[in-house]
1. Can you run down the residue pairs with Cβ atoms below 7 Å, 6 or more apart or on separate chains, where the first is in the stretch 183-208 and away from the ligand (no atom under 16 Å from the Cβ) and the partner is β-branched (Val, Ile, Thr)?
2. Given the conditions (1) open to solvent by less than 10 Å² (accessible area, probe 1.4 Å); (2) closer than 24 Å to ILE30 by Cα, which single one is not true for VAL181?
3. Can you tell me which condition SER140 does not meet? The list is (1) among the polar types (S, T, N, Q); (2) crowded, with 17+ Cβ neighbours inside 10 Å; (3) closer than 18 Å to LEU87 by Cβ; (4) within 14 Å of the ligand (Cβ to nearest atom), and all the others hold.
4. So which residues in the stretch 100-134 are part of a strand (DSSP E or B), in contact with a helix residue (DSSP H, G or I) (Cβ under 8 Å, 6 or more places away or on another chain) and within 16 Å of the ligand (Cβ to nearest atom)?
5. Filter the stretch 135-150 down to the residues that are more than 10 Å from ASP106 (Cα to Cα) and either acidic (Asp, Glu) or assigned to a helix (DSSP H, G or I) (or both) and list them by number.
6. Which numbered condition trips up ILE33, out of (1) open to solvent by 30 Å² or more (accessible area, probe 1.4 Å); (2) at pLDDT 95 or above?
7. Of these, GLU78, GLU65, which one is among the charged types (D, E, K, R), open to solvent by 50 Å² or more (accessible area, probe 1.4 Å), under 20 Å from VAL221 (Cα atoms) and away from the ligand (no atom under 16 Å from the Cβ)?
8. Looking at (1) closer than 26 Å to ALA226 by Cβ; (2) of a type outside the set (D, E, K, R); (3) not in a loop (DSSP other than H, G, I, E, B), find the lone condition where THR207 falls short.
Amino acid sequence: MSTIIEQNLQRVRQQIRTAAQNCNRDPHQITLIAVSKTKPISAIEAAIGAGQRSFGENYAQEGVEKISWFRERLQRIELVWHFIGTLQSNKSRLVAEYFDWCHTLDRPYLVHRLNDQRPAQQPPLNVLIQINISCEETKSGIAPNRMLTLAALIEKCPHLKLRGLMAIPTLEIDFQRQLEVFKRMAVLFSALKRIYPSTDTLSIGMTNDLEAAISAGSTLVRIGTAIFDARDHSHPPKQLNK
Ligand SMILES: *Cc1c(COP(=O)(O)O)cnc(C)c1O
């Protein structure tokens, strides 16, 4: 019998295939990250059982506990861990030492910290520049016109690898309005790729705007609710290992 999480994953994968076909894209160009923040180990295990390998976490400490848990017990299966939360300077060491990717790089001093803190024996940390695409004052992410300055800084760091861009736009329900914002991200991504041809990742699209993101060119969607159901907002989870 398949679990709810397995059924949810199959549905989301189908949604990605359909969205890709609708705009003549190859579905294999789109990586699905299962956003497991606030969810227990058992939920992640169910997703792994259903073939999922890439996971996204928002809270450094919680993510590190999960990463360690699986590294100790699941050596045969290689998981890829993405840090997608706000990067706080007092938590950057955890991100640099444990995660494979960081999506939320948005200021020069964090570039320096992550580069200094990434252990030299590990492969470079894959990083994305977070863009404040909805131009909100409170949101994290840098203004689009500062993207290339930050990219040049990252390129000089031997322990970081610039892979592309990420954004979390303001919630819009209307498809056309979602698409408009994501298309601005696609334009920025093309500009970045012209200068850094090895960048290959545009991280946009969540449960509510996955189709618009894929239609605008997303290569990586970050899906939580549609896979794991709504989150319990008491945080951190009381019992991780349940
Ligand atoms: C929580 C979160 C997601 C997943 O959101 P859903 O709407 O549950 O799919 C994706 N990206 C980021 C940065 C998040 O914080």
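The values are calculated or read from the model by the stated rules, or taken from the named source; none is laboratory data. Everything quoted here is computed from the prediction, not taken from an experiment. Glycine also receives a Cβ, built like all others from the backbone with ideal geometry; neighbour counts cover every protein chain displayed. Side chains included, ligands, DNA and RNA excluded: accessible areas come from the protein's heavy atoms. Shrake-Rupley method; radii C 1.70, N 1.55, O 1.52, S 1.80 Å.
1. Final answer for the pair search is ARG184/ILE133; LEU188/ILE131; LEU192/THR199; LYS193/THR199; ASP200/THR219.
2. Every condition holds for VAL181 apart from (1).
3. Condition (2) is where SER140 drops out.
4. So in the stretch 100-134, the residues part of a strand (DSSP E or B) come out as 101-105, 125-131.
Applying the additional criterion that residues be in contact with a helix residue (DSSP H, G or I) (Cβ under 8 Å, 6 or more places away or on another chain) yields 102, 105, 125, 127, 129, 131.
Within the stretch 100-134, CYS102, LEU105, VAL127, ILE129, ILE131 qualify.
5. Answer for the stretch 135-150, where residues must be more than 10 Å from ASP106 (Cα to Cα) and either acidic (Asp, Glu) or assigned to a helix (DSSP H, G or I) (or both): GLU136, GLU137, PRO144, ASN145, LEU148, THR149.
6. (1)
7. GLU78
8. The single condition THR207 does not satisfy is (3).
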